[in-house]
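Undergrad: Shown below is the structure under consideration.
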Amino acid sequence: MEPDASPVAPILAGLRCKCPRCGRGDLFVGFLTVAERCAVCGLDLARGDSGDGPAVFLIFILGFIIVPVALMVSMRVDWPLWLTGLVWGVVILGGTLGLLRPAKGVVFALQYRYRPAEFEAPDHNDRDPGA
Ligand SMILES: [Zn+2]
């Protein structure tokens, strides 16, 4: 399939965890496992690699939001230590796990938008051993 004439918005496709080229096929086959190919347009998704980018972005974004909020809450209420650990543990784990898929989808889609050649490059495993 030829790329669509109207490009897919990478942020929107990433947040929806959809293929960065067609915006319709699912990007993931598991929680964070990227599909080999898009089931709709056939884009070779296995060539993309978001690396540690999504996790690093979430560390900064969630840390920037949660740490000040946790400090403000701890100055206003006197929770026991176990409740503080429980509440903020749930908030941090829930926020991280809830945002990791969309963050990975956005980084993946931006990678496709700005470096599409990485998805088109010949596979290193297909090289002729005699060459
Ligand atoms: Zn697709």
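Undergrad: About the Cα centre of region 3-119, what is the dipole size in debye to 20, counting +1 per Lys and Arg Cβ and -1 per Asp and Glu Cβ, all else neutral?
TA: For this selection, approximately 260 debye.
Undergrad: May I ask you to evaluate 6.51 cos²θ - 1.76 cosθ + 1.60, the Karplus curve with θ = phi - 60°, for each residue of region 88-98 and list the ³J(HN,Hα) values in order in whole Hz, giving x for glycine and proline?
TA: 6, x, 5, 5, 5, 5, x, x, 5, 5, x
Undergrad: In square nanometres, what is the average projected area of the Cα convex hull of the chain? Don't skip to the end; give the middle numbers.
TA: Numbers: hull surface 43.8 nm².
The number I arrive at for the chain is 11.0 nm².
Undergrad: By residue number, which cysteines of the chain lack any other Cys whose Cβ falls under 4.7 Å from their Cβ?
TA: Isolated Cys, the chain: Cys17.
Undergrad: Working from Cα positions, state the angle (0 to 90°, nearest 10) between the long axis of helix 53-76 and the longest principal axis of the chain.
TA: 10 degrees
Undergrad: Assuming 0.36 nm per residue, please report the length gained on full extension of the stretch Ala46 to Leu71 beyond their Cα-Cα distance. Working shown, then result.
TA: Details: separation 25, 0.36 × 25 = 9.00 nm, distance 4.17 nm.
Separation in residues times 0.36 nm, less the Cα-Cα distance, equals 4.8 nm.
Undergrad: While we're here: Taking H as built 1.01 Å from N, whose amide H comes closer than 5 Å to the amide H of Lys18, not counting residues under 5 places away?
TA: Under 5 Å from the amide H of Lys18: Leu27.
We did not get these values from a lab; they are worked out from the coordinates using the rules stated. Every value quoted in this text rests on a predicted model; they were computed, and no experiment measured them. Virtual Cβ from ideal backbone geometry, glycine too; neighbours counted across all protein chains shown.
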